[in-house]
Amino acid sequence: MAEMTFRQALKDCLRAEMTRDERVLLLGEEIGRFGGSYKITEGLLDEFGPERVRDTPIAENGFAGVGVGAAMLGLRPVVEFMTLNFSVLAFDQIVNHATKIYTMFGGQTSIPIVYRTPGGGGQQLGATHSQNIEVWYAHMPGLKVVAPSNPSDAKALLTASIRDDDPVLFLENLNLYNTKGEVPDEEQTLELGTASVAREGSDLTVIAYSRGVGVALKVAEELAKDGVSIEVVDLRSLRPLDRPTFCRSVARTSRAVVFEDDWLSYGVGAEVAASVQEGAFDFLDAPVRRVAAAEIPLPYAKPLEKAALPDAEDLTRVIRETLDATGFSA
């Protein structure tokens, strides 16, 4: 098992899948000689050539649609957006074509396409380049939405996404690219739509995804010093959403807090909280709490950006409030 960064795990996956299956090709802006905005595709042009690593014009709706056409003709395109924020320009191709063609044409053709894209705040990129708009896509039946939290899961989930016959939006939080972790040497895939218990605990469940999982694990480690046992569930996929796994966890701990980088209103946390109410209500000792970003466009100024994004301090405070409200004592 090798230690590698989140970035390297993604690149290794792309190389392995392009080697394994000649139908896999890459499309996107500056993904060839430049290697992509975050160097995920660096070196792949030299290995696989311009027929399979295609630089595109700055026209997101256009190359997102080219990917749909390629998928309909039997290829397995991996389309890279420079940022999730630019995917808005391709919203029509993603949600009205890639997502719906299978059912609109009675299952005559599948759309095995992956839209890869970085997103999230914390890098001082301004309000229009720092969004967590994954819930817009997770709302769409027919589109799978994946959000890994560590290098091992990133490689296994991207492998599964490329081999999936349905369209997948693959989210890569900017803050995770340089994080390191052990990645199995052998080929590994994870079933899309399955969450994992990243840390076992008995007093309260924190449900998170992507960058939030790392924050939750650090908070759990700190609270353990005070005798508080926190279980952390990593959603890994936002659609399909693995409700049974986090409801079973809440049934064991009787308390739940949802942590996300997105805005609170109408977000992933709202869906998870409602699912816990429906699936584990009889086990709850306290209302489900949510920790999310401030309801404002993310500021550019570093102190204001930091204040707007949820952090370990916010999560710790809400966990303690939830425990105190139920008379918990370590």
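Key figures for this structure:
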read-out	value
Evaluated over the range 65-221, the Cα radius of gyration and Dmax, each in Å	16.5, 52
Size of electric dipole in the chain: Cβ of Lys, Arg +1 and of Asp, Glu -1, about Cα centre, debye, nearest 20	240 debye
Angle between the chain longest axis and helix 268-280 axis [Cα atoms, degrees, rounded to 10]	60 degrees
Degrees separating the helix 312-325 axis from the principal Cα axis of the chain, which is the longest one	40 degrees
Degrees between helix 243-253 axis and first principal axis of the chain (Cα, 0 to 90, nearest 10)	20 degrees
Built amide H within the under 5 Å cut-off of THR56, gap 5+	GLY28, GLU29, GLU30, ILE31
Packing rank of 122-135, 178-191, where each peptide gets the mean count of other beta carbons within 10 Å, highest leading	122-135, 178-191
Calculated log₁₀ intensity ratio I(q)/I(0) where the Debye formula runs over C-alpha points of the range 242-330, q = 0.11, 0.24 Å⁻¹	-0.35, -1.18
Alpha-carbon centroids, the range 1-52 and the range 153-230: separation in whole Å	22 Å
Simple spin-label estimate for THR128 and ALA251 in nanometres, 7 Å along Cα-Cβ	4.8 nm
Calculated FRET efficiency for the pair ARG15/ASP311, C-beta based, R₀ 30 Å, to 0.05	0.30
Fraction of accessible area attributable to carbon and sulfur, the chain (%, probe 1.4 Å)	52 percent
Potential extension, THR194-GLU222 segment - 0.36 nm per residue separation minus Cα distance	7.4 nm
For the range 147-162, Karplus couplings with θ = phi - 60° (6.51, -1.76, 1.60), whole Hz, Gly/Pro x	9, x, 10, 8, x, 4, 5, 4, 5, 5, 6, 5, 4, 5, 5, 5
For ALA293, distant residues with modelled amide H under 5 Å away	ASP262, TRP263, LEU264
Extension gain (nm, one decimal) between LYS180 and ARG163, 0.36 nm per residue minus Cα-Cα	3.6 nm
Net charge dipole size for the range 132-231 [Lys, Arg +1 and Asp, Glu -1 on Cβ; Debye, nearest 20]	320 debye
Accessible surface, per residue, of the chain when the full set of protein chains is kept, probe 1.4 Å, Å²	43 Å²
Mean separation of Cα contacts under 8 Å, 6 or more apart, over the residue count of the chain: relative contact order %	15 percent
Cα-based Kirkwood hydrodynamic radius, the range 278-321, one decimal, Å	12.5 Å
The chain: translational diffusion in µm²/s, Stokes-Einstein, Kirkwood Rh over Cα pairs, 25 °C, 0.890 mPa s	121 µm²/s
Rough spin-label spacing in nm, given labels placed 7 Å along Cα→Cβ, for ALA325 and SER110	4.4 nm
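The values are calculated or read from the model by the stated rules, or taken from the named source; none is laboratory data. Not measured: the values here are computed from a predicted model. Neighbour counts are summed over all protein chains in view; Cβ atoms, including those assigned to glycine, are modelled from backbone coordinates with ideal geometry. Please note that ligands, DNA and RNA were not included when accessible areas were found on the heavy atoms of the full protein model with its side chains. Shrake-Rupley method; radii C 1.70, N 1.55, O 1.52, S 1.80 Å.
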